[in-house]
Amino acid sequence: MDAALDLARWVRPGDGVVVSQGCAEPVGLVDALIGAAGAGELTDLSLYSGLTWRAVLAAPEAASIDVVSYGVLGALAKVAAARPVRIVPSHFSALPELFAHRKLPGDVALIQVSEPDADGRCSFGVDTAYIADAVAHARTVIAEVNARMPRVPGATIAYDALTATVHTDRPLLEAPPARESAVDRAIAAHVVELVRDGDTLQVGVGALPEAILRGLRGARDLGVHSGMICDPIADLMADGVITGAQKPADTGLVVTGAALGSERLFDFLDNNAAVVQRPVSYTHRPRTLAGVGRLVAINGAVEVDLTGQVNAERAGGRAVGAVGGQVDFLRGAAATGGEGVVALPATVAKTGATRIVARLSGPVTTARADVGVVVTEHGVARLRGLDLRERAAALIAIAAPEHREALRRAAAGA
């Protein structure tokens with residue numbers, strides 16, 4: 001971090017600050033902000049943080065900062081355990097408008113970008129997501145210009161538009177390695193059967209999504225239009241499985257808003273003309289999703305009730321997830337004649353409790369009318385066109401065998 005950069009020069013008391021998330025988190029700038037707040041140099045701040053793998057906001061120095069997010073992902077769970085995190089539930093597609101109307105912190109943007117190209121423009125690199133939309137409404141944009149940030153085609157910002165810069169040469173944060181289980185592989189085997197050659201995929205990150213992607217090695221001409229991508233996407237592109245050749249829009253391109261993976265993925269993305277990073281205002285809007293071809297949207301859940309309602313936000317009384325883009329993409333799948341999939345293990349690994357439940361223990365993240373298919377390791381429940389009794393029967397059939405009788409009794413008494 002350049003010692004000459006005094007954040008107190010640029011950040012005012014009462015400001016709202018928004019930071020890049022995931023692998024693009026500008027760690028030097030975030031740490032400097034926390035240090036200045038802890039020293040009393042910056043006061044009355046709110047900070048909008050998305051996915052982070054660092055729990056620095058739980059430190060005593062950050063106690064005066066009001067932390068705001070769309071959910072509790074990664075190390076924000078540790079932050080939430082130490083101090084309040086203010087959750088603003090919203091579909092990901094709504095974030096650009098919320099920043100535009102000052103409903104979310106965004107006076108100052110702390111971002112990480114690539115070095116400028118010959119035209120003086122910096123790539124947002126491995127994360128555009130909400131940040132590329134947020135900077136359009138920020139009074140001040142402070143950037144870590146990292147020599148190791150890959151230049152990914154798509155969203156850029158003019159170097160001259162940056163209020164202040166810090167030049168670095170450091171490795172990017174990497175996503176924690178996923179630990180695939182036998183249950184993940186069993187669920188993946190069922191999900192893979194729902195994918196046709198030529199389909200366009202939306203999938204998240206983690207052990208289960210990666211298992212699903214590895215299970216697609218025998219597919220042909222798949223496309224990708226997703227809020228995020230991970231390492232197996234690069235493998236499937238290199239093997240000619242993902243070509244995007246049949247996508248009606250963005251033909252031949254993988255379109256995403258964030259790359260959450262390892263240095264291997266970052267190297268693959270650098271100046272790769274087949275991958276485009278777009279902001280949420282493009283990736284999640286209904287008009288865009290309607291043009292991506294037959295979309296198979298694959299999302300996770302904490303639990304699903306016997307009507308098909310999904311809770312993806314709370315478990316055991318704690319915030320553990322987010323609304324995110326689940327509804328945006330499930331509706332996109334329905335609009336394109338594709339498959340809107342919610343995939344989850346049938347039980348909680350540590351306790352054996354059922355995740356197909358009579359009643360949700362948390363909020364309704366996704367309404368039952370938006371869920372097309374639910375998948376566990378025990379099978380596939382296709383819900384479209386089923387009445388409530390039929391839905392309950394289909395979901396009980398994919399619950400863990402030891403919980404099915406109790407679920408039948410609950411359904412009969414409902």
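The values are calculated or read from the model by the stated rules, or taken from the named source; none is laboratory data. Computed from a prediction, not measured in an experiment: that's the story for all the values here. Here Cβ is always computed from backbone atoms with ideal geometry, including for glycine, and neighbour counts include all displayed protein chains.
Just one of the listed residues (R170, R179) is within 19 Å of the chain's Cα centre (by Cα) and surrounded by fewer than 17 Cβ atoms within 10 Å (Cβ to Cβ), namely R179.
With respect to the conditions (1) within 21 Å of the chain's Cα centre (by Cα); (2) surrounded by fewer than 22 Cβ atoms within 10 Å (Cβ to Cβ), A234 lacks only one, and its number is (2). D197 meets the conditions (1) surrounded by fewer than 19 Cβ atoms within 10 Å (Cβ to Cβ); (2) closer than 21 Å to L172 by Cα in every case but one. The failed one is (2). Taking the conditions exactly as written (touching a residue at least 60 places away in the same chain (Cβ under 8 Å), under 15 Å from Y48 (Cα atoms) and outside the structural domain of R278 (by TED's automatic domain parsing)), does A134 satisfy them or not? Yes: the conditions hold for A134.
Looking only at the range 256-263, decide whether some residue is in a helix (DSSP H, G or I) and surrounded by fewer than 18 Cβ atoms within 10 Å (Cβ to Cβ). Within the range 256-263 (the criterion being in a helix (DSSP H, G or I) and surrounded by fewer than 18 Cβ atoms within 10 Å (Cβ to Cβ)), the answer is yes, since at least one residue qualifies.
Using the structure shown, decide if R151 is over 18 Å from T256 (Cβ atoms), modelled with pLDDT of 95 or more and not β-branched (V, I, T). Here the answer is no, as R151 does not meet what is asked.
The requirement of being in contact with a helix residue (DSSP H, G or I) (Cβ under 7 Å, 6 or more places away or on another chain), closer than 21 Å to A24 by Cα and buried (at least 20 other Cβ atoms within 10 Å of the Cβ) is not satisfied by G71.
Looking only at the range 182-194, residues that are surrounded by fewer than 17 Cβ atoms within 10 Å (Cβ to Cβ) and in contact (Cβ under 8 Å) with a residue 24 or more places away in the chain come to 3 in all.
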